[in-house]
Amino acid sequence: MEERNLTRRDMRRCWRSWMMYNLSSMSFERLESFGFCLSMLSVAKRLYPDSQRRKEMLKRHASFYNTEPQLGAIVNGMVLGLEEKRANGEPIDGETINTLKVGLMGPVAGIGDSMIPGMLIPILLSIGMALAAGGNILGPLFYAVSWLAIILPGSWFLFLKGYRMGSTSVEMLVSTIFICSKCWTAFFPSCCRLSWS
């Protein structure tokens, strides 16, 4: 079987499609699914030359999906890494890929929505509005430039991180939970000692 590896250009195309079109086709039934599907479309032919397998991939990624788009790029990267491994013959089924995608969309949305629209945007807008209060053009320019300078490299980094993690992402996420050995609470134990589980 021929090895099907994605190039940096393929990954950049996939990321760019997600960042530009993630919210372009919205419905209450599917939300961001068509943006996700569109981002995978750019690599579908390279990964799956067989039209039937390509159709299955695109159908899989047209199912319901909703997350915070900038931090959600890590999920796109993970899915892309898994699709590449599946195309190269590793025993990863489509249901595993879809389960990972759907399972991570909620937690990533919760974290992303509290960080990006809940914290970052208000901070940048308050600085921009303070600059623009006296009629200074630097206010809106500050917001636009700083937003792009933070979000574009940040989401690209997360996309690549997710791609590199690929199939190891599930083991990594599950194996690094802190459990207190005294009170058996996770993450924020009420007593002192932590142990790895």
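The values are calculated or read from the model by the stated rules, or taken from the named source; none is laboratory data. Predicted model, so just to flag it, every value in this text is computed and none were measured. Ideal geometry is used to build each Cβ from the backbone, glycine not excepted, and the neighbour counts take in all protein chains shown.
Tabulated values for the structure
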| quantity | calculated |
| --- | --- |
| Residue list for the stretch 54-83, filter: surrounded by 15 or more Cβ atoms within 10 Å (Cβ to Cβ) and farther than 21 Å from Met19 by Cα | Arg54 |
| Exclusive hit being buried (at least 17 other Cβ atoms within 10 Å of the Cβ) and over 27 Å from the mean Cα position of the chain (by Cα), set Gly128, Gly162, Gly134 | Gly128 |
| Pairs, first under 10 Å from Ile74 (Cα atoms) in the stretch 95-108, second of a type in the set (D, E, K, R), C-beta under 7 Å, six or more apart | Val108/Glu68 |
| Evaluation of Pro122 against (1) surrounded by fewer than 14 Cβ atoms within 10 Å (Cβ to Cβ); (2) under 19 Å from Phe36 (Cβ atoms) (one fails), failing number | (2) |
| Condition check for Glu56: acidic (Asp, Glu), under 26 Å from Leu152 (Cα atoms) and modelled with pLDDT of 90 or more | no |
| Where Tyr143 falls short, out of the listed (1) in contact (Cβ under 8 Å) with a residue 60 or more places away in the chain; (2) surrounded by 13 or more Cβ atoms within 10 Å (Cβ to Cβ) | (1) |
| Selection count, the stretch 11-53, where residues are over 17 Å from the mean Cα position of the chain (by Cα), surrounded by fewer than 17 Cβ atoms within 10 Å (Cβ to Cβ) and not aromatic (Phe, Trp, Tyr) | 11 |
